[in-house]
Amino acid sequence: MGVKVAKFGGSSVADAIQMTKVRDIIMSDPERRYIVVSAPGKRFAEDSKLTDLLYLCKTHIEHNVPFHQVFQVIWDRFKIMIMNLGLDLDIDPYFIEIRENLMNGASNDYIASRGEYLSAVLAANFFGFDFVDPKDCIFFDANGKFMPEETNEALTKELAKHERAVLPGFYGAKPDGSIKTFSRGGSDITGALVARAVDAEVYENWTDVSGFLMADPRIVENAKPISRVTYKELRELSYMGASVLHDEAIFPVKGANIPINIRNTNQPEHPGTVIVGEDSSEGTDEIITGISGRKGFTVIAIYKDNMNSEVGYVKRLLSVLENYNISFEHLPSGIDTVSVVISSQRLEGILGDLLEDIQKKMSPDTLEVHSNLALIATVGHGMIKRQGVSATLFTALYQAGVNIRMIDQGSSEMNIIVGVEEADFETAIKAIYKAFVEEKTLTK
Ligand code: ASP
């Protein structure tokens, strides 16, 4: 029998109704033996995530403001959940201990981690699974740097002792035993670490959407779901747009070649999106895998006669950027031109000085700045060595009346990035989607 690791996000464990859906999902497949849970998330749009309430308790303490009211809200949420699920679990001693620790100066990481801890205690009781505390098997060094190999060894050893277990996501411990959390959304990472440790056949990541869509549904109505995507494609797509999965959750499973399956707790019959290592275009008739994009970029364009024969010219530009600690997104260049595309936010308050420095160090013939640029990435393995992809893309944009301000294609041929005016962003995405997906102007 294979092993599946299932991680459930905050909205999946937000209340008794959601927890019951989770139990049904787990019980419907005996291979789902290791479960990772987040802290209870929002039950409705205006609700608070439990982790945020826990951070709030800590802030109250730091400012010498009574925290008991906020703490009670958290306590009550668990009590109601336990009551509604009809569990035989006395949660009070756990809360009394946490309150005690809080009053005695417990760290931010400790308090933030308690949402996951309590969520897993409750879930283990409800499912009849063992509870495994990651403080004993997920390790950080004294400086707070995550230790992957030590963790893998300890987790593998610990989980071998348990036929079925629930683990809290989001945290581990330093050598002195103090709690250390991953960055926000880090339960995804815990799930990936557990999947690697038990050599799972799949890492299921259960959330409140049925996987990834080919385009943002706020822009493209009824955007099609992506059934398979490679880790690399996902990196390109999520770098540009909204992300369902924590970036760092990919690495542990990618190395072990374990697929990640994004699933929806509220629609468990939907197969979701599978993230795999190899070609994702197999079995589909799609040339592209997805389209994503972001607004808020600025281009600094430099023109100089004979630039191509001047050794080290671009290096000077990069060293100016380095002095300002600015990273760039793209560096399109021509024979006598070079441009840098930078997030506009990074340039706030420093653009004037930066331009002055570029002027001084590079003496360009012209130096131009264009703000309000949006970047759109059209991504897909199916594009590799496929003729007509750029022609289709550019024709679609031309027909939609969109002016292309920048073009960049990675040498992997897996994506084409175009820069357009922010005002054309939505029109451009719709046009690309229409050409490749709805009208299938280009077929495989
Ligand atoms: N509860 C933590 C957060 O809100 C971690 C997680 O949910 O993955 O960031």
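Structure above, values below:
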read-out: For Tyr117, net neighbour charge (Lys/Arg +1, Asp/Glu -1) across residues whose Cβ lies under 13 Å away; value: -3
read-out: Nearest-ten-degree value, helix 50-62 long axis tilted from longest Cα axis of the chain; value: 80
read-out: Convex hull volume per residue for the chain, taking Cα atoms only, in Å³; value: 178
read-out: Computed helical MRE - 222 nm, the chain, DSSP H runs ≥ 4 contributing -39500 (n - 2.57), nearest 500; value: -11000 deg cm²/dmol
read-out: Degrees, to the nearest 10: 68-85 long Cα axis against longest axis of the chain; value: 70
read-out: Segment 297-409: Lys pairs at Cα distance under 30 angstrom, eight or more positions apart or on different chains; value: 5
read-out: Nearby lysines by direct alpha-carbon distance to Lys232 (threshold 16 angstrom, same-chain neighbours under 8 apart not counted); value: Lys254
read-out: Crossing angle, helix 313-323 versus the chain [Cα axis fit, 0-90 degrees, rounded to tens]; value: 30
read-out: Backbone HN-Hα couplings from phi across segment 4-20 [Karplus 6.51/-1.76/1.60, Hz, Gly and Pro as x]; value: 10, 10, 10, 10, 10, x, x, 6, 6, 10, 6, 7, 5, 5, 5, 4, 5
read-out: For segment 233-321: rounded, prolate or oblate by the Cα gyration tensor [a/c cutoff 1.5]; value: prolate
read-out: Bins of 10 Å, starting at 0 and running to the largest distance - Cα pair percent for segment 106-264; value: 10, 37, 33, 16, 3, 0
read-out: Global geometry of segment 1-156, whether rounded, prolate or oblate, following the gyration tensor of its Cα atoms and the 1.5 cut on a/c; value: oblate
read-out: Most mobile listed residue (Met19, Met414, Met307) in the chain, GNM with C-alpha springs under 10 Å; value: Met307
read-out: Simple Cβ-charge dipole of segment 328-422, Lys/Arg +1 and Asp/Glu -1, about Cα centre, in debye nearest 20; value: 440
read-out: Listed residue pairs exceeding 31 Å between alpha carbons, taken from Lys7/Lys174; Lys58/Lys145; Lys180/Lys295; Lys49/Lys430; Lys58/Lys174; Lys58/Lys295; value: Lys180/Lys295; Lys49/Lys430; Lys58/Lys295
read-out: Around Ile350: net Lys/Arg minus Asp/Glu count, Cβ-Cβ under 12 Å; value: -3
read-out: Ile407 long-range amide H proximity, modeled H, under 5 Å; value: Gly419
read-out: Net dipole in debye of segment 1-91 [+1 Lys, Arg Cβ; -1 Asp, Glu Cβ; about Cα centre; nearest 20]; value: 260
read-out: Overall form of segment 287-350 per C-alpha gyration tensor (a/c, 1.5; a/b vs b/c); value: oblate
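No value in this document is a laboratory result; all are computed from the given coordinates. Remember, it's a predicted structure, so these values are computed and weren't measured experimentally. Neighbour counts run over all protein chains shown; Cβ positions are idealised from the backbone, glycine included.
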